[in-house]
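Q: Can you read through this structure? Questions will come right after.
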Amino acid sequence: MVAQVIDGKAFAAKVRAQVADQVAKLKEENGITPGLAVVLVGEDPASQVYVRSKGKQTVEVGMNSYEHKLDVDTSEEDLLALIDKLNKDPAVHGILVQLPLPKHLNEDLVINSIDPAKDVDGFHISNVGLLGTGQKSMVPCTPLGCLMMLRDYHGSLSGMDAVVIGRSNIVGKPMAQLLLGDSCTVTIAHSRTKDLPDVVRRADIVVAAVGRPEMVPGDWIKEGATVIDVGINRIERDGKNKLVGDVDYARAAERAGAITPVPGGVGPMTIACLLANTLTACCRANGLPEPEGLTA
Ligand code: GUN
């Protein structure tokens, strides 16, 4: 079998176009412009790239972007004061604090100080609990993007065997909750899992979110399975820098029914879903119907 390539770049462009349409309608019919505030503490180069990209795409879909760049030694008190101000600002519908934070700041405390209704990352403990109990919540962007691609490819996921490799709060755990919500039988695998190859070989859906280059060999993949590769790992091969996923793409593509490439798979969906979440938060804040197809 030769896998169908799931084109995340094209899918993300479609999601952004849907968001842009809805934003235009909101402005015209309700006089409301959704606003996203992004807070970056320090000068981590990768975080700076992400934040720039988020700001650019926010403006491109017609939303307001508010960037707050704070000094690396900003105190917790000052950061919490800024979040409090953003929580109270009616022009701000979504708040994202870029992680990781410098070591002297308590990440849990900071994230949990964001108004859950504005927590477009879905990291606040209230949103984690709401998702876990199947209630309306803000859903973390990367797993939401994976779910959208799976639903688009399969239609219904009901009854499918899914394995999520990785148990992070940002991807693995919420991904498992979303798959369970769509009636998959879900296994969360991690570094202590016994016989991981066997677990993966039984799965109709494999979501790899570990951050270890090509740790899933192609021959673990069941014929016809769908592979969603969340990993983005920079490696050196043949003297060149290269981006690879957590799955050995070339070998896995010979067995899978469908697979996301790296780059151009899950990656572009994350920011697209952040914009979708900001739109959703804005609609909820204003008592308007939520955008269709852009939520879990
Ligand atoms: N750092 C890396 N990924 C993310 C993300 O999805 N959200 C935030 N806030 N920080 C990140």
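Q: Restricting the search to segment 93-121, which residues are away from the ligand (no atom under 15 Å from the Cβ) and touching a Gly at 6+ places or on another chain (Cβ under 8 Å)?
A: Correct list: 93 only.
Q: Among the residues of segment 219-226, are any at pLDDT 95 or above, within 18 Å of residue 171 (Cα to Cα) and either of a type outside the set (S, T, N, Q) or out of contact with any Pro (no Cβ under 7 Å at 6 or more places or on another chain) (or both)? Don't jump to the end; show me each part of the working.
A: We begin by selecting, within segment 219-226, every residue at pLDDT 95 or above; these are 219-226.
Pick out the ones that are also within 18 Å of residue 171 (Cα to Cα) and you get 226.
Add one more test, that the residue is either of a type outside the set (S, T, N, Q) or out of contact with any Pro (no Cβ under 7 Å at 6 or more places or on another chain) (or both), and what stays is 226.
Taking every residue of segment 219-226 in turn, at least one turns out to be at pLDDT 95 or above, within 18 Å of residue 171 (Cα to Cα) and either of a type outside the set (S, T, N, Q) or out of contact with any Pro (no Cβ under 7 Å at 6 or more places or on another chain) (or both).
Q: Of the residues 209, 250, 203, which single one is touching a strand residue (DSSP E or B) at 6+ places or on another chain (Cβ under 6 Å) and at pLDDT 95 or above?
A: 203
Q: Please go through (1) under 20 Å from residue 114 (Cα atoms); (2) assigned to a helix (DSSP H, G or I) for residue 57 and return the number of the only condition it doesn't satisfy.
A: The one condition residue 57 does not meet is (1).
Q: Does residue 157 satisfy the criteria of being in contact (Cβ under 8 Å) with a residue 12 or more places away in the chain and within 15 Å of the ligand (Cβ to nearest atom)?
A: no
To keep it simple, each residue is scored yes or no on (1) within 14 Å of the ligand (Cβ to nearest atom); (2) closer than 16 Å to residue 271 by Cβ; (3) out of contact with any strand residue (DSSP E or B) (no Cβ under 8 Å at 6 or more places or on another chain).
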site: 30; (1), (2), (3): no, no, yes
site: 43; (1), (2), (3): no, no, yes
site: 49; (1), (2), (3): yes, yes, yes
site: 55; (1), (2), (3): yes, yes, no
site: 60; (1), (2), (3): no, yes, yes
site: 82; (1), (2), (3): no, no, no
site: 88; (1), (2), (3): no, no, yes
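Q: Hey, another quick one. How about segment 19-35: which of its residues are surrounded by fewer than 19 Cβ atoms within 10 Å (Cβ to Cβ) and under 20 Å from the mean Cα position of the chain (by Cα)?
A: 20
Q: Mind listing just one residue for me: the one in segment 170-182 that is in a loop (DSSP other than H, G, I, E, B) and of a type in the set (A, V, I, L, M, F, W, C) and, of those, farthest from the ligand (Cβ to nearest atom)?
A: Ranking the qualifying residues of segment 170-182, first place goes to 171.
Q: For the condition farther than 30 Å from residue 222 by Cα and either assigned to a loop (DSSP other than H, G, I, E, B) or modelled with pLDDT of 95 or more (or both), what is the one hit in 2, 15, 23?
A: The conditions single out 23.
Q: Among the residues of segment 178-190, which ones are within 18 Å of the chain's Cα centre (by Cα) and either surrounded by fewer than 23 Cβ atoms within 10 Å (Cβ to Cβ) or more than 29 Å from residue 282 (Cα to Cα) (or both)?
A: 180, 181, 182, 188
Q: Same structure, new question: Tell me yes or no: at least one residue of segment 70-77 is crowded, with 19+ Cβ neighbours inside 10 Å, closer than 25 Å to residue 57 by Cβ, within 15 Å of the ligand (Cβ to nearest atom) and at pLDDT 95 or above.
A: no
Q: Output the number of the condition that residue 167 fails; it satisfies all remaining conditions of (1) within 15 Å of the ligand (Cβ to nearest atom); (2) within 15 Å of the chain's Cα centre (by Cα); (3) part of a loop (DSSP other than H, G, I, E, B); (4) not hydrophobic (A, V, I, L, M, F, W, C).
A: Here residue 167 meets the rest and fails (1).
Q: Quick check on segment 36-59: of everything there that is among the β-branched types (Val, Ile, Thr) and crowded, with 18+ Cβ neighbours inside 10 Å, which residue is farthest from the chain's Cα centre (by Cα)?
A: Looking at residues that are among the β-branched types (Val, Ile, Thr) and crowded, with 18+ Cβ neighbours inside 10 Å, I get 41.
The values are calculated or read from the model by the stated rules, or taken from the named source; none is laboratory data. None of the values given here were measured: they were computed from a predicted structure. Cβ coordinates were reconstructed from backbone atoms using ideal geometry, including for glycine residues, and neighbour counts include every protein chain displayed.
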